[in-house]
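Below: one structure, written as structure tokens.
The values are calculated or read from the model by the stated rules, or taken from the named source; none is laboratory data. This one's a predicted model, so the numbers in the text were calculated from it and none came from an experiment. As a convention, Cβ positions derive from the backbone with ideal geometry for all residues, glycine included, and neighbour counts pool all protein chains shown. Surface accessibility is based on the protein's heavy atoms, side chains included, excluding ligands, DNA and RNA. Shrake-Rupley method; radii C 1.70, N 1.55, O 1.52, S 1.80 Å.
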Amino acid sequence: MKLSSKFTNLLRSSILKKFLENQMVEERTYFILTLITGISAALVAVALHKVTKYLTMMLGTSDSFTLRAFIGGGVALLISGYITTRKYPSTSGSGIPGVKIALAVYHGKITYRSTIAKFITSILSLSSGFSLGREGPTVAITSGIGSALGSFFHLSNRRIKSLVAIGSAGGIAAAFNTPIAAVVFTLEEVVGDLNAKMLGSIVISSVIASVVAQALQGNVSTFAELNYQLNDSREIILYAFVGIAAALIGTLWVNSVLAFRKWGPKIFRNHRLSLIMSVFGIISLISYINPQTLGSGHDTIENTLLSLILDWKVLLSLFAFKFIATTLCYGSGVSGGLFMPTLLMGATLGGLIGSVAKIVFPELAANTGAFALIGMGAYFAAVIRSPFTSILLIFEMTRDYNIILPLMVANILAYLLAEKIHHGSIYENISEQDGIHLPSHEDN
């Protein structure tokens, strides 16, 4: 009896010891993979930026289309669209909803083939002149890297899900050079829980990705500093109006995308590749009317923030064509994100309001660039529905402390009003339209 009891205790202690050893091994592996994922995220973000920029210049798709741009951009988009519509449907759009689905349904499992396909399709579509951004696809790709690493080393489902979130944070941090906003966006939008237990690992990945990206590209803010000063408290009223306008027009844009996604395929009898190429034809025509609406629009945002575009008619034209172009491009389902195009729409909307306000209230609206900056954050909050991220993102991209108060007022107003008008972010609405319910803040 005593011998049996001793044997049982020995067996239990051995099992416990083995379990603890396995836990320690997984913990060390997880920590190392966190570092690797952060570094990989930076390399992917920089590679996506450099390759896309090179191909865009080579094809000439950043300005009014020539014959070379039309053929080269068309072929690039045709290949990208073919892969997306015929081979890997998961590469459609920004990829962020797919990451959320992987976390909620598939225990963070993202196949390495779809990750590679996302990288290729994104480079090709972004090089075609389409009004799309690279930040969303960067998140999808870097999240896929985290998932692939976790699966390869046979980590638990909980650790794999953490590595997906870690990759997401690293991708945003490296793409925008905004490590704090990357952490908040990952928790707020991707994970859907600001109290996530994986916070420490997400912070590590975000910082590493940002540092490596800075080492490769230089430590500079995404946009030039404004050196803004709040000279009169009455300016807050004008900035609040920017928030209200962003909520109204931002929700209108979301509904426009949803309507185009619904009716576009029906018009083309569900031949989605024909739909994509038809949109390319329209973008080619827009390139002759307003070439500044092509691509993500980084340089145009910079000019708007620096108050280099003051004519309200020019700003109205820019906003209108970017609104149309991004609706068509994102609604077509081709691989590409909406972060930077959304920021451009917000910047031109804010700049437009600032230019009009300068005519009516010259003593209160001296700096139209400040209105453009406020518009960026407010429009982002209205479309993406991540108010904390939008505030931190704009702050980190410009590194202007003085803009925080008006930015908070406009962003919170835009978010609350947009939620009243139309519930859910663009990601949630698109997934719902496709018959998939993404976990939202209310589900946690």
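Placing unit charges on C-beta atoms (Lys and Arg positive, Asp and Glu negative, everything else neutral), compute the dipole magnitude of segment 311-421 about its Cα centre in debye, rounded to 20.
So the dipole magnitude of segment 311-421 works out to roughly 180 debye.
Which distance in nm do the two modelled labels at Ala215 and Leu405 give, with both placed 7 Å along the Cα-to-Cβ direction?
Output for this residue pair reads 4.1 nm.
When all C-alpha to C-alpha distances in segment 52-119 are sorted into bins of 10 Å, what percent of pairs does each bin hold, rounded to whole numbers?
Once binned at 10 Å, the Cα pair distances of segment 52-119 give 19, 38, 27, 14, 3.
Sort 274-280, 101-107, 26-32 by the packing proxy (mean of other Cβ within 10 Å over each peptide's residues), most packed first.
274-280, 101-107, 26-32
To the nearest 20 debye, what charge dipole does the chain have about its Cα centre, counting +1 at the Cβ of each Lys and Arg and -1 at the Cβ of each Asp and Glu?
Once rounded to the nearest 20, the dipole reads 1880 debye.
Taking every alpha carbon pair in segment 33-177, what does the distance histogram look like in 10 angstrom bins from 0, in percent?
Percent of pairs per bin, in order: 13, 41, 31, 12, 3, 0.
Using protein chains only and a probe of 1.4 angstrom, how many square angstrom of Leu248 are accessible, to the nearest 10?
90 Å²
Between Thr29 and Asp434, take the C-beta separation as r, use R0 = 45 Å, and let me know the FRET efficiency to the nearest 0.05.
FRET efficiency, Thr29 to Asp434: 0.80.
Can you tell me the FRET efficiency between Val75 and Leu306 if r is taken as the Cβ-Cβ distance and R0 is 41 Å, rounded to the nearest 0.05?
0.70
Just Ala47, Ala117, Ala382 to compare: in a GNM of the chain, with alpha carbon springs under 10 Å, which one fluctuates most?
Top of the fluctuation ranking is Ala47.
Rounded to the nearest 10 degrees, what's the angle between the helix 272-289 long axis and the longest principal axis of the chain, both from Cα atoms, 0 to 90?
The answer is roughly 40 degrees.
At a Förster radius of 51 Å, what calculated FRET efficiency corresponds to the Cβ-Cβ distance of Glu363 and Ile282, to the nearest 0.05?
Using R0 = 51 Å, I get an efficiency of 0.75.
Sort 197-210, 253-266, 332-345 for me by packing, meaning the mean count of neighbouring Cβ atoms within 10 Å per residue, highest on top.
332-345, 197-210, 253-266
Under 10 Å, Cα contacts only: if you run a Gaussian network model on the chain, which one of Asn429, Asn402, Asn231 comes out with the highest mean-square fluctuation?
Most flexible of the set in this elastic network: Asn231.
Based on alpha-carbon centroids, what's the gap between segment 386-414 and segment 92-144 in Å, whole number please?
27 Å
What's the extension gain from Asn255 to Ser274 if we count 0.36 nm per residue and subtract their Cα-Cα distance?
Gain in length upon complete extension: 4.6 nm.
For segment 333-444, what's the relative contact order in percent, using C-alpha pairs closer than 8 Å and at least 6 residues apart?
It rounds to 22 percent for segment 333-444.
Determine the calculated [θ] at 222 nm for the chain from helices alone, applying -39500 (n - 2.57) to every DSSP H run no shorter than 4 residues and normalising by the residue count; nearest 500 deg cm²/dmol.
Roughly -24500 deg cm²/dmol at 222 nm, from the helical runs in the chain.
Return, for the Cα atoms of the chain, the radius of gyration and Dmax in Å, separated by a comma.
Rg then Dmax for the chain, in Å: 23.1, 96.
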